[in-house]
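Enquirer: Provided herewith is a single structure, encoded as structure tokens, for subsequent inquiry.
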Amino acid sequence: MSRHPDRRGLLIIFEGIDGTGKSTQVRLLSEALRGAGCEVVTTFEPTDGPFGKKIRALFSNRASLTREEELALFMDDRRWHVNELIVPALAAGKIVVSDRYYFSTAAYQGAAGLDPERIIADNEAFAPVPDCVLLLEAPVKLGRRRIEESRLESPNDFEKEEGLQKVSAVFAAIKREYIHRIDASQSIEVVGQAVWALVSPLVAGRGRKGAPC
Ligand code: TYD
């Protein structure tokens, strides 16, 4: 699905490997947009819908699925997300901020051996193309350290170092004019400023009366 003309909202996506600080930046950007008077829907993938729940249940035992079965689950979850949440929110003129979208499928399932460009094309057949993707980039080792420190747990099957090197390389190879790369090894504040510098021109003039959004 392209950026069709009757779409009134904005779709903003955070992507990157695990431990790059996506969820923190999703929260900070959502708060800043709300503060600017925008109506914001904050969301994430895998979702907490029926397929997302299945995916989470499989996290610690990824080997039980073939890569095609795994891809099918992420695609089902995305269809659910698009139909139930993203398309209605965009049609209502809201700003959707999501922690992950189909570039994660391209990068993670691509790293598992599937064709990333094919995955993107299959998603764009039904999923709205985002207005802005903020790709948070940081060394795999830094991401792992952050996961271990913040969650006090060992990384799950998606988060093993060798796999993440490949995921990171696929993310780096995806080029689109709306994908912006941000050095996520910087402080939360500096990354947040870089995000706002990219997003604020997109939202200018969209807010409720009198608001700068
Ligand atoms: P993650 O954002 O880490 O969820 P949480 O913060 O709740 O643990 O996502 C879980 C994992 O799922 C992550 O390692 C990346 C993986 N993933 C895919 O492999 N393909 C996809 O399409 C998506 C959305 C996620």
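Enquirer: So, in the stretch 180-201, how many residues would count as being assigned to a helix (DSSP H, G or I) and either under 18 Å from ILE12 (Cβ atoms) or in contact (Cβ under 8 Å) with a residue 60 or more places away in the chain (or both)?
Expert: Count: 12.
Enquirer: Out of all the residues in the stretch 36-55, is one or more among the acidic types (Asp, Glu), on the phi < 0 side of the Ramachandran plot, touching a residue at least 12 places away in the same chain (Cβ under 8 Å) and in contact with a His (Cβ under 8 Å, 6 or more places away or on another chain)?
Expert: The answer is yes, given that some residue of the stretch 36-55 is among the acidic types (Asp, Glu), on the phi < 0 side of the Ramachandran plot, touching a residue at least 12 places away in the same chain (Cβ under 8 Å) and in contact with a His (Cβ under 8 Å, 6 or more places away or on another chain).
Enquirer: Let me ask something additional. Test ARG79 against the stated conditions and say whether it is over 18 Å from VAL97 (Cβ atoms) and either at pLDDT 95 or above or more than 12 Å from the ligand (Cβ to nearest atom) (or both).
Expert: In short, yes.
Enquirer: Name the single residue, out of those in the stretch 57-67 being exposed (fewer than 14 other Cβ atoms within 10 Å of the Cβ) and free of Cβ contacts under 8 Å to residues at least 40 places away in the same chain, that is nearest to the ligand (Cβ to nearest atom).
Expert: The extreme case among them is ALA57.
Every residue, every condition in (1) in contact with a Phe, Trp or Tyr (Cβ under 8 Å, 6 or more places away or on another chain); (2) charged (D, E, K, R), yes or no:
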| position | (1), (2) |
| --- | --- |
| SER23 | yes, no |
| ARG27 | no, yes |
| ARG34 | no, yes |
| VAL41 | no, no |
| THR47 | yes, no |
| ALA63 | no, no |
| ARG67 | no, yes |
| VAL82 | yes, no |
| ILE86 | no, no |
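Enquirer: May I pose another question? What pairs come out if I take residues in the stretch 9-33 that are small (Gly, Ala, Ser) and pair them with residues that are assigned to a loop (DSSP other than H, G, I, E, B) and more than 10 Å from the ligand (Cβ to nearest atom) whose C-beta lies under 8 Å away, six or more apart or interchain?
Expert: GLY9/ALA92; GLY9/GLY93; GLY9/LYS94; GLY16/ALA138; GLY16/ALA184; GLY19/ALA138; GLY21/ALA138; GLY21/ALA184
Enquirer: Another one. Can you tell me which of (1) within 20 Å of ALA121 (Cα to Cα); (2) at pLDDT below 95; (3) of a type outside the set (D, E, K, R); (4) touching a Phe, Trp or Tyr at 6+ places or on another chain (Cβ under 8 Å) is the one SER2 doesn't meet?
Expert: (4)
Enquirer: GLY110 is checked against (1) more than 13 Å from the chain's Cα centre (by Cα); (2) under 28 Å from ALA197 (Cα atoms) and fails just one. What number does that condition carry?
Expert: (2)
Enquirer: Determine if the stretch 12-31 includes at least one residue that is outside any helix (DSSP H, G or I) and away from the ligand (no atom under 12 Å from the Cβ).
Expert: Yes, because at least one residue in the stretch 12-31 is outside any helix (DSSP H, G or I) and away from the ligand (no atom under 12 Å from the Cβ).
Enquirer: Check the stretch 149-172 and report whether any residue there is surrounded by fewer than 17 Cβ atoms within 10 Å (Cβ to Cβ), at pLDDT below 95 and more than 24 Å from ARG56 (Cα to Cα).
Expert: no
Enquirer: Turning to a different aspect of this structure: Quick one: how many residues across the stretch 92-128 are away from the ligand (no atom under 14 Å from the Cβ), surrounded by 14 or more Cβ atoms within 10 Å (Cβ to Cβ) and assigned to a helix (DSSP H, G or I)?
Expert: Counting residues in the stretch 92-128 that are away from the ligand (no atom under 14 Å from the Cβ), surrounded by 14 or more Cβ atoms within 10 Å (Cβ to Cβ) and assigned to a helix (DSSP H, G or I) gives 0.
Enquirer: Do we find a residue being out of contact with any strand residue (DSSP E or B) (no Cβ under 8 Å at 6 or more places or on another chain), exposed (fewer than 13 other Cβ atoms within 10 Å of the Cβ) and among the aliphatic types (A, V, I, L, M) anywhere in the stretch 29-50?
Expert: No: the stretch 29-50 contains no residue that is out of contact with any strand residue (DSSP E or B) (no Cβ under 8 Å at 6 or more places or on another chain), exposed (fewer than 13 other Cβ atoms within 10 Å of the Cβ) and among the aliphatic types (A, V, I, L, M).
The values are calculated or read from the model by the stated rules, or taken from the named source; none is laboratory data. Predicted model, so just to flag it, every value in this text is computed and none were measured. Note: ideal-geometry Cβ built from the backbone for every residue, glycine included; neighbour counts use all protein chains shown.
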